[in-house]
Amino acid sequence: MKWSIQELLAKRHSGLEIQEEQVDVSELVDRDKEIRRITPVNVTGRGEFTGQTVNFTLRIQGSMVLPCSRTLADVELPFDVEAQERFILTDSALEEKDEDTHEPVNGFVDLLPYVKEHILLQIPIQIFAENGEEPQAPQEGQDWEVVTEDELKEAREEEKEKKVDPRLADLAKYFDK
């Protein structure tokens with residue numbers, strides 16, 4: 001998914017067809033800590049030339065595993081994204097550049113960073129496992145455990161009932177005055 005400007009200009013009249021190409025985007029797991037796993041994504045599309053620009057119409061399909069917002073259990077999120085990216089191929093067309101238009105980097109047009117960006121935009125703020133398949137959340141871990149409100153109240157009452165050290169008993173009476 002990376003072409004030199006010369007390769008693209010050679011295909012100007014016939015257009016550029018992106019056949020179902022599998023792209024490894026596993027580095028997104030390191031980039032966004034919410035993503036636990038991601039499958040290789042399928043990218044299909046077409047590059048159409050207009051003057052000195054090329055417009056890519058892409059379809060990005062795949063699946064990623066995210067934590068449930070409620071239980072932290074794994075939830076699989078399939079995605080199917082339609083995206084458009086526009087690149088200017090020559091310096092003479094730079095006047096037409098706007099915020100949705102990109103320039104080649106070092107003489108190459110690379111779609112992979114834009115594919116990754118569109119995948120990251122698919123991550124929802126919250127995701128919940130469906131009720132039927134929701135596994136039980138972990139109840140304890142290293143230095144922590146889930147406590148119900150009743151257990152918390154009991155623990156607080158026990159702390160209050162703990163006897164004061166006899167050496168500090170007179171000090172405890174000081175605050176009663």
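The values are calculated or read from the model by the stated rules, or taken from the named source; none is laboratory data. Everything quoted here is computed from the prediction, not taken from an experiment. We place every Cβ from the backbone using ideal geometry, glycine too, and count neighbours over all the protein chains shown.
If only one of R31, R70, R37 is closer than 30 Å to F128 by Cα, exposed (fewer than 15 other Cβ atoms within 10 Å of the Cβ), assigned by TED's automatic domain parsing to the domain that holds G107 and touching a Phe, Trp or Tyr at 6+ places or on another chain (Cβ under 7 Å), which one is it? Explain how you work it out, then say what you get.
Details: R31 fails: touching a Phe, Trp or Tyr at 6+ places or on another chain (Cβ under 7 Å); R37 fails: touching a Phe, Trp or Tyr at 6+ places or on another chain (Cβ under 7 Å).
Exactly one residue qualifies, and that residue is R70.
Residues in the stretch 9-54 that are within 22 Å of I88 (Cβ to Cβ) and not hydrophobic (A, V, I, L, M, F, W, C): how many?
Looking only at that region, the number is 14.
Whether a residue is modelled with pLDDT under 90 and in the same structural domain as Q6 (by TED's automatic domain parsing) was assessed, and A155 does not pass this test.
Do the conditions hold for L58, that is, is it closer than 21 Å to D100 by Cα and not in a strand (DSSP E or B)? Let's see the steps before the verdict.
On the way: closer than 21 Å to D100 by Cα: yes; not in a strand (DSSP E or B): no.
Criteria not met by L58.
Taken residue by residue, the stretch 138-146 has at least one member that is modelled with pLDDT under 85 and surrounded by 11 or more Cβ atoms within 10 Å (Cβ to Cβ). Looking only at residues of the stretch 99-116 that are aliphatic (A, V, I, L, M) and in a strand (DSSP E or B), we find that the one that is modelled with the highest pLDDT is V109.
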